Structures are given as C-alpha cells and as structure tokens.
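Asks: Structure below; questions to follow.
We did not get these values from a lab; they are worked out from the coordinates using the rules stated. Keep in mind the model is a prediction, meaning the values are calculated, not measured. A quick note on method: Cβ atoms are made from the backbone with ideal geometry, for glycine too, and the neighbour counts reach across all protein chains shown.
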Amino acid sequence: MNKLDRYKILIRHAKERGYITSQKDLAYKIGYKDEVSFSQIINGKTKEPKDFIQRICSIIPGLNENWLLFGEGEMLKGQGEGVSISNINGDNIGCGHDNTINNNDLTIHALLDQMKVKDIQITKSQEQITKSQEQISKSQEQIDRLISLLEKK
C-alpha cells in the first residue's frame, strides 16, 4: 500500500470517527485555506510540507506517524501491540500476565472516542432543534399578525 492509499484510509477513518466531516474539513483544520492545495498533496501532485504529517497527527488522536509515512505498523498507536504502563518509580505495572494493557482496554478507549463523537452529534442536533423552534415561533407570530389583519377587515 502506498502513501496515497494510506491518506485515503486515514480520511475515511477520521470521517467515521467524527474527527472531520470531509476531506475539505481536514484541509481547513490543518491550516489550508482551500481544499485544492491539500488535495494536490494527498494525491501526490505536490510535495508535502515538512510539518504536514505533524499537522494531521494533531487532528487525529492516536495516529501512528510511521504508518502514515512508511506504512510501518498499524494506523493507530496501540493496535496489535501491548501498551506498557509504569508507575511513578518506573516499575512496569501493566495489566495481565504479560504486563501490557489488553485489547479490552483499547476497546474502551475506542468506545470513549465514539461517545465523544455521539456527544458532538447530539449537541449539533440540539442546536438544530433550537433553530427550528425559533423558526416555528417566528412563523406563528406572522400567522397571528395575518389573522389579526384579517379580523380587522
């Protein structure tokens, strides 16, 4: 898989997780004023700036830079590998007999990410409901005025 394929996979993942709404949204979030420049980079038509990968990593939690740059490892840090935990003394205190966090812990983190996305979606829905209620209220006021005018005739 080449780097361009990895960009496409990354964008799909970021949209599914709710980190971005579109490729254009990612472009704006990492500092591009238009999608064209960003699109040219991820399609291999223009050389990417030195800080391009770091800017993407700042938007996508847990993104593995080595995967994006070289195709090494998994897309997200912690996938398919144990994650060690150390206490204040530096002693390894990971979970399980091999002192690593198990897949259940990684699943919990993924679920927490999904909950954050759902919370954002709920907030947006509530904002839309509020706007709709305001529009209904304005429409009702107009109807009341029209009725008032008709009654005067």
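Asks: Quick one: R12, R55, fewest Cβ neighbours within 10 Å first, how do they rank? It would help to have the intermediate numbers written out before the result.
Replies: Working: R12 11, R55 15.
Final ranking by Cβ density, sparse to dense: R12, R55.
Asks: Follow-up question, since we're still on this one. So between I59 and N43, what do we pick up on full extension, going 0.36 nm a residue minus the alpha carbon distance? If you can, show how the numbers build up before the last one.
Replies: Details: separation 16, 0.36 × 16 = 5.76 nm, distance 1.95 nm.
So the extension gain works out to 3.8 nm.
Asks: Also, quick follow-up: So which of K3/K33; K3/K118; K77/K118; K3/K77 end up more than 20 Å apart by C-alpha?
Replies: Long pairs (Cα-Cα over 20 Å): K3/K33; K3/K118; K77/K118.
Asks: Dividing the alpha-carbon radius of gyration of region 1-81 by 2.2 N^0.38 Å (N being the number of residues), what value is obtained?
Replies: Details: Rg = 11.9 Å, N = 81, 2.2 N^0.38 = 11.7 Å.
Normalised Rg, Cα atoms only: 1.02.
Asks: Sorting K15, K152 on the 10 Å Cβ count, fewest up front, what's the list?
Replies: Working: K15 15, K152 6.
Fewest-to-most ranking of K15, K152: K152, K15.
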